[in-house]
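The block underneath contains the structure these notes are about, expressed in structure tokens.
Derivation of every value follows stated rules applied to the coordinates shown; laboratory data play no part. Keep in mind that this is a model prediction, so the values were computed, not measured. Positions of Cβ are backbone-derived with ideal geometry, glycine not excepted, and every protein chain shown enters the neighbour counts.
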Amino acid sequence: MKEYDVTIKETLEKTVSMKADSKEEAEEKVRQGYYNSEYVLDADNFSDVDFKSDEGREITREGSKLDVLLVKPGKVPIPYQVGSELEDLQAAVGGDIEEVYLDDEDVGIICNEQGKNIGLSLNRALRDADGQMYDILTGDFLVVGLGEEDYCSLTPEQMEKYEKRFHYPETFVKMGRSIMALPIRDEPKEGAAKEKSTDMKRAQPSPVSL
């Protein structure tokens, strides 16, 4: 949601008959009479109205809460409310924040900028459109909405999409100079065989070089 400034411009119009030797002299006499309050325009002189809005801005209020997903190592994602201030986001991921962009331009990830350097637990793999792993997120991270100028809440549809995407915790196995990500499956629900098959195809283990 944005906030817009809308300007209302009313036009009042009144015709004054003025005797003079020229057009310029008539206009000057009426101008002076107007500024001397000899001619006052009111509601009876209404002529037109116009409304004009600016481009709008994202609404950000101190202390406001964002509805996001919190993803912890070894856990399924959970809906989470976090403050919109920088300090709130830093507290949620345990340090300075880094923004990671996804294929969805309206959604991003906030994680700990120094997570790999300080040895935070490996959390989830990031995969490209072909399902190939290209990076690994460490420590707790947030999946957030991206507004034009600031972070915003996820929509219910985005919540559902990224809960499914990061639903399964992953374990990571070192193989030579590469690491493989293996999903930790929970028990499938009755009648969910088709969904399980699709997930298995999407989350096939793939190595990433160290």
**OP:** Would you grab the residues whose amide H sits under 5 Å from the one on Ile97? Only those 5+ places off in sequence or on another chain, please, with H modelled 1.01 Å from N.
**Re:** Glu113
Original post:
Which of the peptides 117-125, 176-184 is most tightly packed, and how do the rest follow, judged by the mean count of other Cβ atoms within 10 Å per residue?
Top reply: 117-125, 176-184
Original post:
Residue separation times 0.36 nm, minus the C-alpha to C-alpha distance between Lys72 and Glu99: what's the value?
Top reply: 8.1 nm
**OP:** Kindly provide the pair-distance distribution of the stretch 98-153 built from C-alpha pairs, with 10 Å bins from 0 and whole-percent values in order of increasing distance.
**Re:** 23, 49, 28, 1
Original post:
How large is the convex hull of the Cα atoms of the stretch 60-100 per residue, expressed in Å³ as a whole number?
Top reply: 79
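Rank by packing, highest mean first: peptides 42-52, 134-144, with packing defined as the count of other Cβ atoms within 10 Å averaged across residues. Please list the in-between numbers first.
Numbers: 42-52: 9.2, 134-144: 20.8.
Packing proxy ranking, top to bottom: 134-144, 42-52.
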**OP:** Give me the distance in nm between label points sitting 7 Å out from Cα along the Cα-to-Cβ direction at Ile184 and Tyr134, one decimal.
**Re:** 2.7
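Could you state, as a whole-number percent, how many of the C-alpha pairs of the stretch 1-146 are farther apart than 24 Å? It would help to have the intermediate numbers written out before the result.
Working: 6094 of 10585 pairs.
The share of Cα pairs beyond 24 Å in the stretch 1-146 comes to 58 percent.
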Original post:
Say R0 is 45 Å: what FRET efficiency, to the nearest 0.05, do Glu148 and Ser22 get from their beta-carbon distance?
Top reply: 0.25
Subject >> From phi via Karplus (6.51, -1.76, 1.60), per-residue ³J(HN,Hα) for the stretch 129-139 in Hz, x at Gly/Pro >> reply: 4, 8, x, 8, 6, 10, 6, 10, 8, 10, x
